[in-house]
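Colleague: The structure is given below, and queries will be raised subsequently.
The values are calculated or read from the model by the stated rules, or taken from the named source; none is laboratory data. On a predicted model such as this, the values are computed, not experimentally measured, just so you know. Here the Cβ positions follow ideal geometry from the backbone for every residue, glycine too, while neighbour counts run over all protein chains shown. For accessibility, only protein heavy atoms count, side chains too; no ligands or nucleic acids. Shrake-Rupley method; radii C 1.70, N 1.55, O 1.52, S 1.80 Å.
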Amino acid sequence: VGEVTAVGSAVTHLKVGQRCGVGWQCGSCHSCEYCLRGDEQLCQAGNGVDCTCAGGNAGAFADYLRIKDAGFAFALPDALDAAATAPLLCGGQTVWTPLRQQTKAGDRVGVLGLGGLGTMAITFASKLGCEVTALSSSDSKKRAALDLGATKFVAHADEAQMAAAACSLD
């Protein structure tokens with residue numbers, strides 16, 4: 001999350017001085033089978049996906065970031081908190097893509113682990129209308145999981161809870 005300092009002549013959706021965000025991906029070929037179906041994160045052409053955090057790029061630790069494909073830079077309202085927004089542009093996509101592609105409202109989805117990715121997955125899946133079961137090693141995160149939108153909680157270290165949950169997910 002930062003401020004646009006320069007744009008190329010073909011960039012029309014961003015202006016110098018505007019607030020924007022760039023996730024972990026900053027380019028793809030837009031012409032391979034994956035890109036054509038909207039799965040740019042799976043691009044296989046040439047060098048594949050261009051990343052903001054690999055190939056000499058410093059990602060979120062950079063003072064400045066130059067990307068080749070402005071389609072991966074998104075205008076952000078000034079009111080959005082950068083610390084709350086930035087994770088959505090990275091880990092958020094990690095869990096968003098499979099949820100968007102492989103679930104539908106009413107599906108029974110399990111989320112294992114309640115770290116950064118798990119908490120985003122619970123939130124997204126519940127907002128997408130899925131019935132979410134959170135799985136963690138102990139009951140210590142149960143309240144947090146339910147507050148995020150999980151409808152059920154299973155402590156996977158508890159054999160009885162695991163047995164009771166068997167075959168309960170899609």
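Colleague: With all pairs of different alpha carbon atoms counted, what Kirkwood hydrodynamic radius in Å does segment 24-123 show?
Modeller: Numbers: mean 1/r = 0.0653 Å⁻¹.
Computed over Cα pairs of segment 24-123, the Kirkwood hydrodynamic radius comes out at 15.3 Å.
Colleague: So, one more: Pick from 42, 99, 88 the residue whose mean-square fluctuation is largest in a GNM of the chain, springs joining Cα atoms under 10 Å.
Modeller: Largest GNM mean-square fluctuation: 42.
Colleague: Using a 1.4 Å probe on the protein heavy atoms, what percent of the accessible area of the chain belongs to carbon and sulfur? Intermediate results must be reported in sequence, preceding the final value.
Modeller: On the way: 5660 of 10220 Å².
Taking all protein chains in place, the chain shows 55 percent carbon and sulfur surface.
Colleague: So, one more: Run the dipole for the chain about the Cα centre, Lys and Arg Cβ at +1, Asp and Glu Cβ at -1, nothing else charged, and hand back the magnitude in debye, nearest 20. Provide the component values of the computation, followed by the final result.
Modeller: Working: 13 positive and 16 negative charges, 42 e Å.
So the magnitude is around 200 debye.
Colleague: Just from its helices, what would the mean residue ellipticity at 222 nm be for the chain, if runs of 4 or more DSSP H residues each count -39500 (n - 2.57) and the sum is divided by every residue, rounded to the nearest 500 deg cm²/dmol?
Modeller: Here the helix-only value at 222 nm equals -8000 deg cm²/dmol.
Colleague: Restricting to Cα pairs below 8 Å that are 6+ residues apart, what does the relative contact order work out to for the chain? Please round to a whole percent.
Modeller: Reported as a whole number, the value is 15 percent.
Colleague: OK, next. With the contact rule set at Cα under 8 Å and sequence spacing of 6 or more, what percent relative contact order holds for segment 86-170?
Modeller: On the way: 132 pairs, mean separation 22.3, N = 85.
Result for segment 86-170 is 26 percent.
Colleague: Roughly what would the spin-label model give for residue 13 and residue 161, points 7 Å off Cα along C-beta, in nm?
Modeller: Here the answer is 4.2 nm between the modelled labels.
Colleague: Then there's this: Taking segment 1-102, which chymotrypsin sites (Phe, Trp or Tyr not before Pro) meet the DSSP loop condition and have no more than 12 other C-beta atoms within 10 Å?
Modeller: 64
Colleague: Most fluctuating residue of 138, 126, 28 in a GNM of the chain with Cα springs under 10 Å: which is it?
Modeller: 138
Colleague: Residue 107's amide H: which non-local residues (gap 5+, or another chain) put their own amide H closer than 5 Å, with H modeled 1.01 Å from N in plane and none for Pro or chain starts?
Modeller: Residues meeting the amide H criterion: 131.
Colleague: Please compute one quarter of the surface area of the Cα convex hull for the chain and express it in square nanometres.
Modeller: Here the figure is 12.1 nm², rounded to one decimal.
Colleague: Residue-wise, which Karplus ³J(HN,Hα) couplings in Hz belong to segment 116-133, taking 6.51 cos²θ - 1.76 cosθ + 1.60, θ = phi - 60°, and x for glycine or proline?
Modeller: After applying 6.51 cos²θ - 1.76 cosθ + 1.60, I find x, 5, x, 5, 5, 5, 4, 4, 4, 4, 5, 5, 7, x, 7, 8, 9, 10 Hz.
Colleague: Moving on. Just give me a number: lysine pairs in the chain, eight or more positions apart or cross-chain, with C-alpha atoms less than 20 Å apart. Let's see the in-between values first.
Modeller: Values: 15/68; 104/127; 104/152; 127/141; 127/142; 127/152; 141/152; 142/152.
Close lysine pairs under the 20 Å cut-off: 8.
Colleague: Once each part is reduced to its C-alpha centroid, what is the distance from segment 5-30 to segment 48-72 in angstrom?
Modeller: If you average the Cα positions of each part, the centres end up 11 Å apart.
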